[in-house]
Amino acid sequence: MVVVAALGTVGGVLLARRAAAKISGGVTADGASVGTFKFSPSSCASGHAFVPGFFGAELRGSGCALRVVDSGPGARLWLYGAMPRQPALGIGQPSCSEWDVRVEWAHLTVNRVYAVNGHVNVTCAVGGGTVTAHVNFERCAQ
């Protein structure tokens, strides 16, 4: 009985480690309509977890967020500054000198939410200022 419980615990820990999101990089807004700030995302959620759902991810940290909707040249980014919230700043490829946005399914489901992997590497002149983001994310679910 003890051996079965121990194996179950080890299996649960290994599954939790495999399912944990991994995020690196940062986002900088300088003189943009949403403010001037920097943040390093520390959590993320798959767009599948939202109502209505979308293909993408929301990357969050320090009260700010970068929402990534879709992938490739047709993707759209939404930058949210810290509280109190101003309207989000929408960002598309035409405003950017660098645009590499990729989202893909992670082939993993966590609590019935399809996880996503991807990256955002952009440099944009938008909202009266500049926004740069260099972020990699893996297994974003909830």
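The values are calculated or read from the model by the stated rules, or taken from the named source; none is laboratory data. Note that this is a predicted model, so its numbers are computed, not measured. With ideal geometry, Cβ positions are generated from the backbone for all residues, glycine too; neighbour counts draw on all protein chains shown.
Residue-wise test of (1) at pLDDT 95 or above; (2) touching a Cys at 6+ places or on another chain (Cβ under 8 Å).
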residue	(1), (2)
THR28	yes, no
GLY47	yes, no
PHE55	yes, no
GLU58	yes, yes
SER62	no, no
LEU66	yes, no
ASP70	yes, no
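Restricting attention to the range 68-114, which residues are exposed (fewer than 14 other Cβ atoms within 10 Å of the Cβ), over 16 Å from the mean Cα position of the chain (by Cα) and in a strand (DSSP E or B)? SER97, GLU98, HIS107, listed by residue number. Scanning the range 91-111 for residues that are within 17 Å of GLY127 (Cα to Cα), in contact (Cβ under 8 Å) with a residue 24 or more places away in the chain and not polar (S, T, N, Q) gives ILE91, CYS96, GLU98, TRP99. Of all the residues in the range 110-142, those that are within 17 Å of GLY25 (Cβ to Cβ) and aliphatic (A, V, I, L, M) number 6.
Can you say whether TRP99 is more than 24 Å from ALA20 (Cα to Cα) and of a type in the set (Phe, Trp, Tyr), as far as the supplied structure shows? Taking the combined requirement at face value, the residue satisfies it. Looking at the range 127-137, which of the residues that are out of contact with any Gly (no Cβ under 8 Å at 6 or more places or on another chain) and not polar (S, T, N, Q) is surrounded by the fewest Cβ atoms within 10 Å (Cβ to Cβ)? Top of the filtered list is GLY127. Taking the range 58-67, which residues are of a type outside the set (Asp, Glu) and not in a loop (DSSP other than H, G, I, E, B)? Hits for the range 58-67 are LEU59, ARG60, GLY61, CYS64, ALA65, LEU66, ARG67.
Taken over the range 115-142, the residue count meeting the criterion of being more than 11 Å from ALA21 (Cβ to Cβ) and not in a strand (DSSP E or B) is 2.
Within the range 43-57, restricting attention to residues that are touching a residue at least 40 places away in the same chain (Cβ under 8 Å) and outside any loop (DSSP other than H, G, I, E, B), the residue that is farthest from ASN117 (Cα to Cα) is ALA49.
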